[in-house]
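Here's the structure, in structure tokens; my notes come after.
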Amino acid sequence: MRWARLGVLAYLVGAIWRYYWIFYAHPPTDYVYSDMAWYVDYAKRLLEPGYPGTIYDTLYPPATGYLLAATYALDPSWQLMLTLQWLMALAVPMLIAYLARTLFDTRVAWLSLILASLWFPFIDYTGYFMAETPFTLLMLLSLAALLRALLTSTTRRAIGWGVLSGLAFAVSAEFKGQALMPAALMSVFLICIFWKRQRKRILLIQGAALLAASAVMLPVAVHVTRLNENRPVLLSTNGALMFLTGHHGHYGNLFFNDDKRNWYFNSYNPTHVERGNDGKSVYAFGVYDSDQIMQVAWKWIYRHKGESIQLSFDHVFDTFYGSLPWPTCSTSDRRWVMTFQHIFLVVILIPIFIYFSRHWRAMLTLKPAAFGDLFVFLPVLGLIVTVFLTMGEPRYRIPFDGFLIILAARFYTGQARRLAVPITPPALALPVAGVNSAVGPMLEYV
């Protein structure tokens with residue numbers, strides 16, 4: 001009962017904090033520059049009668065621009081978008097708590113709700129016209145729907161939840177391409193379960209999710225490919241830019257000059273500046289020219305193989321340990337994000353390392369008792385692979401903090417007696433000490 005009261009109180013405080021942040025302390029309308037300016041400009045271009053689109057529109061995944069355009073068309077004051085931003089932010093802690101409750105128990109759920117409600121990085125990104133808030137919501141919704149599909153008792157309902165999971169994943173990917181690798185790893189995980197347990201329903205769920213996702217992503221891919229002068233692209237052309245920015249040595253500032261179209265672009269990463277990599281490199285082609293960007297990147301990697309590998313590990317390190325999440329690192333609220341990054345290290349990351357040191361064998365060997373832990377860890381592993389291949393900073397990790405919060409809550413509730421927390425130790429459904437086995441119902445149906 002005490003944890004329930006604390007959870008409700010934390011959620012209400014978080015709701016008020018989010019409202020204050022969005023409408024008073026940090027309204028997104030006061031921070032329209034850099035990426036945010038691109039999104040807003042793109043949204044307004046979409047509303048121009050007969051606007052055909054240009055190659056410049058392929059630079060980012062399109063969903064953020066679509067969302068801003070739809071809300072701006074209904075309310076040019078942006079108040080509708082701010083309200084929607086607040087509602088999406090309210091749903092994020094609830095989905096995190098739902099995943100924790102369904103996979104584990106109420107203790108983990110309440111603690112996850114408390115941490116997620118008061119987690120400033122989630123609140124911070126509601127103060128910008130960026131992709132992070134809807135992406136976080138849709139990614140969590142996709143996994144929640146997938147979990148329902150695996151747990152439901154009828155095949156028809158399982159397929160229905162699989163369709164919802166696929167739709168939510170597809171739209172999340174149209175906000176940020178970081179959804180792709182976690183989805184791929186989750187698919188491999190489910191195939192491994194199918195292989196070991198021969199549960200055909202898993203294939204039906206995955207097939208339904210794939211068809212639903214394709215129905216959303218393929219038309220967008222065709223449209224973006226047309227804008228990209230018929231050069232194939234799935235989501236956007238900035239994947240090559242991320243790859244080059246992350247693997248070009250000490251060049252923290254990249255300038256792309258497309259004299260043919262009279263378009264110019266500057267890209268930099270805060271972690272490069274933090275590491276002192278502030279060199280400048282200028283290219284005589286557009287930032288959307290993925291082929292030329294990849295040629296430059298691979299040429300540099302071939303000449304600097306050792307440094308390139310080191311940079312990849314630096315990206316993973318920066319994503320979890322870096323203290324300068326963009327764009328708040330360039331505002332007067334810089335101290336807030338740095339403080340919460342230190343809190344993240346002590347309260348979230350270190351407990352997770354301790355937890356994994358005890359249970360990694362069960363997860364690595366796909367023990368049924370560890371399925372719940374794998375379900376929330378695989379998206380984080382997908383993020384690690386993504387930043388290893390491209391570039392890293394805390395901004396890319398923050399949408400995944402909900403999964404890390406759940407894992408940290410697993411550690412704290414499992415250590416109830418030692419930490420003198422006023423709760424009873426979790427009752428395990430299977431006799432595997434310290435390892436989750438509350439996903440027994442999942443095994444019954446899948």
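The values are calculated or read from the model by the stated rules, or taken from the named source; none is laboratory data. As the structure is a computational prediction, the values presented were derived from the model and not from experiment. As a convention, Cβ positions derive from the backbone with ideal geometry for all residues, glycine included, and neighbour counts pool all protein chains shown. When the accessible area is computed, the model is the full protein with side chains, heavy atoms only, and any ligands, DNA or RNA have been set aside. Shrake-Rupley method; radii C 1.70, N 1.55, O 1.52, S 1.80 Å.
To keep it simple, each residue is scored yes or no on (1) in contact with a strand residue (DSSP E or B) (Cβ under 7 Å, 6 or more places away or on another chain); (2) in a helix (DSSP H, G or I); (3) aromatic (F, W, Y); (4) crowded, with 21+ Cβ neighbours inside 10 Å.
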residue	(1), (2), (3), (4)
Y24	no, yes, yes, no
A37	no, yes, no, no
P61	no, no, no, yes
A70	no, yes, no, no
T83	no, yes, no, no
W86	no, yes, yes, no
A100	no, yes, no, yes
V108	no, yes, no, yes
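If you check Y19, Y33, which single one turns out to be open to solvent by 70 Å² or more (accessible area, probe 1.4 Å), at negative phi and at pLDDT 95 or above? Step by step, each of Y19, Y33 is checked, and only Y19 is open to solvent by 70 Å² or more (accessible area, probe 1.4 Å), at negative phi and at pLDDT 95 or above.
Is there a residue being more than 24 Å from the chain's Cα centre (by Cα) and in a helix (DSSP H, G or I) anywhere in the stretch 161-179? The answer is no; no qualifying residue exists.
Residue by residue, here is whether (1) among the hydrophobic types (A, V, I, L, M, F, W, C); (2) more than 22 Å from E132 (Cα to Cα) holds:
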position	(1), (2)
S34	no, no
A37	yes, no
Y42	no, no
L47	yes, yes
Y56	no, no
Y60	no, no
G65	no, no
L68	yes, no
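Scanning the stretch 282-311 for residues that are hydroxyl-bearing (S, T, Y) and crowded, with 17+ Cβ neighbours inside 10 Å yields Y283, Y288, S290, S308.
Which of the residues spanning the stretch 139-157 are open to solvent by less than 30 Å² (accessible area, probe 1.4 Å), within 30 Å of Y66 (Cα to Cα) and in contact (Cβ under 8 Å) with a residue 24 or more places away in the chain? Answer for the stretch 139-157, where residues must be open to solvent by less than 30 Å² (accessible area, probe 1.4 Å), within 30 Å of Y66 (Cα to Cα) and in contact (Cβ under 8 Å) with a residue 24 or more places away in the chain: M139, L140, S142, L143, A144, L146, L147, A149.
Looking for something in contact with a Pro (Cβ under 8 Å, 6 or more places away or on another chain), surrounded by 15 or more Cβ atoms within 10 Å (Cβ to Cβ) and modelled with pLDDT under 90 - is there at least one such residue anywhere in the stretch 372-394? Taking every residue of the stretch 372-394 in turn, at least one turns out to be in contact with a Pro (Cβ under 8 Å, 6 or more places away or on another chain), surrounded by 15 or more Cβ atoms within 10 Å (Cβ to Cβ) and modelled with pLDDT under 90.
Is it the case, given these coordinates, that A15 is in contact (Cβ under 8 Å) with a residue 12 or more places away in the chain, within 18 Å of T133 (Cβ to Cβ) and in contact with a Leu (Cβ under 7 Å, 6 or more places away or on another chain)?
On the way: in contact (Cβ under 8 Å) with a residue 12 or more places away in the chain: yes; within 18 Å of T133 (Cβ to Cβ): yes; in contact with a Leu (Cβ under 7 Å, 6 or more places away or on another chain): yes.
Answer is yes for this residue.
Here F256 meets each of (1) open to solvent by 10 Å² or more (accessible area, probe 1.4 Å); (2) modelled with pLDDT of 85 or more; (3) in contact with a Gly (Cβ under 7 Å, 6 or more places away or on another chain) with one exception, condition (1).
I96 falls short on exactly one of the conditions (1) farther than 30 Å from I205 by Cβ; (2) in contact (Cβ under 8 Å) with a residue 40 or more places away in the chain; (3) in a helix (DSSP H, G or I), and that condition is (1). Take S187 and tell me if it is surrounded by fewer than 20 Cβ atoms within 10 Å (Cβ to Cβ) and of a type outside the set (F, W, Y). Yes, satisfied.
Could you tell me whether any residue of the stretch 211-223 is buried (at least 19 other Cβ atoms within 10 Å of the Cβ), under 23 Å from L95 (Cα atoms) and not small (G, A, S)? No, the stretch 211-223 contains no residue that is buried (at least 19 other Cβ atoms within 10 Å of the Cβ), under 23 Å from L95 (Cα atoms) and not small (G, A, S).
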